[in-house]
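Values in this text are rule-based calculations from the coordinates and carry no lab data. Everything numeric here is computed off the predicted structure, so don't read it as measured data. Heads up, the Cβs are rebuilt from the backbone with ideal geometry, glycines too, and the neighbour counts pull from every protein chain shown.
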Amino acid sequence: MATIFSKIIKGEIPCYKIAEDEMHFAFLDINPLAKGHTLVIPKKEVDYIFKLDDNELSRLVLFAKKVAEAMEKAIPCKRIGLSVIGLEVPHTHIHLVPINKESDIYFGKEKLSLTKEEFETIAEKIRDAF
Ligand code: AMP
């Protein structure tokens with residue numbers, strides 16, 4: 001069965017899209033740790049990031065770098081933190097989170113609750129910087 005992220009790529013489930021290329025897709029995390037929290041995924045459905053082959057993993061990280069550079073321009077922060085967890089959705093994804101301090105990327109903390117308009121504004125800013 002297709003993962004929820006494959007359905008997002010196909011447009012069957014809505015998302016706040018950031019960017020896409022032939023092999024990758026990026027969109028805002030719906031339960032963000034910080035404004036701009038973005039997920040970067042390969043279009044190929046592979047559950048565990050370290051099961052990607054070397055070429056796929058390298059290209060995923062390079063795509064994430066481009067997204068992170070756009071986020072840096074769009075969101076005031078010290079840097080973009082990167083994390084991989086993957087316990088919830090069995091489709092490889094890199095979390096990119098704007099951070100100012102270590103605890104900003106602590107996944108146990110309460111997530112932000114943003115309005116549709118806030119998500120749309122943030123996504124547009126990052127897209128414009130991409
Ligand atoms: P994990 O697999 O533990 O890395 O967490 C999966 C992440 O995907 C969580 O941060 C969720 O908030 C996020 N997520 C799950 N469903 C969606 C969705 N439909 N749109 C955007 N983000 C999602």
Failed item, numbered, when ALA70 is tested on (1) away from the ligand (no atom under 16 Å from the Cβ); (2) of a type in the set (A, V, I, L, M); (3) over 13 Å from the mean Cα position of the chain (by Cα) = (3)
ask   = Say we look at segment 37-94 and pick out the residues that are touching a Phe, Trp or Tyr at 6+ places or on another chain (Cβ under 8 Å) and assigned to a helix (DSSP H, G or I); which of these is nearest to PHE27 (Cα to Cα)?
value = VAL67
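If I filter segment 8-36 down to residues being in a loop (DSSP other than H, G, I, E, B) and small (Gly, Ala, Ser), which single residue comes out as farthest from ALA68 (Cα to Cα)? Can you show your working first?
We begin by selecting, within segment 8-36, every residue in a loop (DSSP other than H, G, I, E, B); these are 11-16, 21-23, 29-36.
Filter once more, keeping what is small (Gly, Ala, Ser): 11, 34, 36.
Values: GLY11: 23, ALA34: 14, GLY36: 10 Å.
Selected residue: GLY11.
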request  = Would you point out the residue of segment 1-35, among those that are away from the ligand (no atom under 13 Å from the Cβ) and within 11 Å of the chain's Cα centre (by Cα), that is farthest from ARG127 (Cα to Cα)?
outcome  = HIS24
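Per-residue answers, yes or no, for (1) more than 15 Å from the ligand (Cβ to nearest atom); (2) without any contact (Cβ under 8 Å) to a residue 24 or more places away in the chain:
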| residue | (1), (2) |
| --- | --- |
| ILE41 | no, no |
| PHE50 | no, yes |
| ASN55 | yes, yes |
| VAL84 | no, no |
| HIS93 | no, no |
| LYS111 | no, no |
key: Failed item in (1) touching a residue at least 40 places away in the same chain (Cβ under 8 Å); (2) crowded, with 18+ Cβ neighbours inside 10 Å; (3) more than 22 Å from LEU87 (Cβ to Cβ), with ALA68 passing the rest   = (1)
